[in-house]
1. Roll a 1.4 angstrom probe over the protein heavy atoms and tell me the percent of accessible area of the stretch 50-182 that is carbon or sulfur.
2. Glu75 versus Glu159, label points 7 Å from Cα toward the beta carbon: distance in nm?
3. How big is the stretch 82-165 by Rg and Dmax over its Cα atoms, in Å?
4. Given a 1.4 angstrom probe, what's the average accessible area per residue across the chain, in square angstrom?
5. How are the Cα pair distances of the stretch 1-71 distributed, in percent, across 10 Å bins from 0?
6. Any chance you could run the full-extension gain for Thr173 through Ile36? It's 0.36 nm times the residue separation minus the Cα-Cα distance, nm to one decimal.
7. Between Val89, Val64, Val26, find the one with the highest GNM mean-square fluctuation for the chain; connect C-alpha pairs within less than 10 Å.
8. Residues with amide H under 5 Å of Gln28's amide H, sequence separation 5 or more or different chain, H placed in the peptide plane at 1.01 Å from N; which?
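The values are calculated or read from the model by the stated rules, or taken from the named source; none is laboratory data. Quick caveat, the model's predicted, so the values are computed rather than measured. Note: ideal-geometry Cβ built from the backbone for every residue, glycine included; neighbour counts use all protein chains shown. For accessibility, only protein heavy atoms count, side chains too; no ligands or nucleic acids. Shrake-Rupley method; radii C 1.70, N 1.55, O 1.52, S 1.80 Å.
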Amino acid sequence: MLIRFVTGNEGKAREARSYLEGITAVNQVEYDYTEIQSDSLEEIATHGAREAYEALGDTEPVLVDDAGLFVDALEGFPGPYSAYVEDTVGVERLWKLVEDEENKRAHFRTVLAYADAERTETFEGAVAGTLVAPRGEGGFGYDPIFEYNGQTMAEMSTEEKNAISHRGRALATFAEWYADQH
Ligand code: ITT
Ligand code: NA
């Protein structure tokens, strides 16, 4: 089995490859699908997966992952704008926005959208944690400021992160569904 994971983010592909080892091979494919303007990760991912599947040729199925960090004290910001905010404001300055807030809770959410010739299916995962000053060298994106159970996600190995993360949870639901189809 082979799945094309459509992303420009090597960290996402690494986590999917690690989680799905023994179930399916995962090839990272870069294709700039349209990220529609929407507050719904599900809509963005579904639209992207369908478009990528049609554009890349109807061979192996594709997966698209749309994720976001939702900060309680900022009313869910940056949410669907997380990639833009990482590139502009940056992770350190996002932490600065939250540093003096009493409530430092946040959650990650991701929606994985799968598309093949017959169907588009979505799988969701979320994890709640606490924002902290940056620590750790692993992971990617907002991982250094997201603490779960005393460790930031950047202090975890890929396997440790997958065991508790939003993406790991979405991949678990996907893997169960995928195994049923084969
Ligand atoms: P693709 O769209 O090409 O897949 P992207 O990095 O732009 O890659 P998103 O549009 O889903 O991904 O943006 C999500 C943002 O949240 C982006 O800044 C990521 O770095 C960050 N992010 C996503 N998953 C994360 C994770 O597991 N840990 C830390 N940050 C994460
Ligand atoms: Na993106």
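1. Numbers: 2850 of 6240 Å².
After summing per-atom areas, the C and S share lands at 46 percent.
2. 4.4 nm
3. 14.6, 50
4. Working: 8800 Å² over 182 residues.
Each residue of the chain exposes 48 Å² on average to a 1.4 Å probe.
5. Result returned by the calculation: 21, 50, 27, 3.
6. Result: 46.8 nm gained on full extension.
7. Among Val89, Val64, Val26, the largest GNM mean-square fluctuation belongs to Val89.
8. Here the answer is Phe5, since their amide H atoms fall under 5 Å of that of Gln28.
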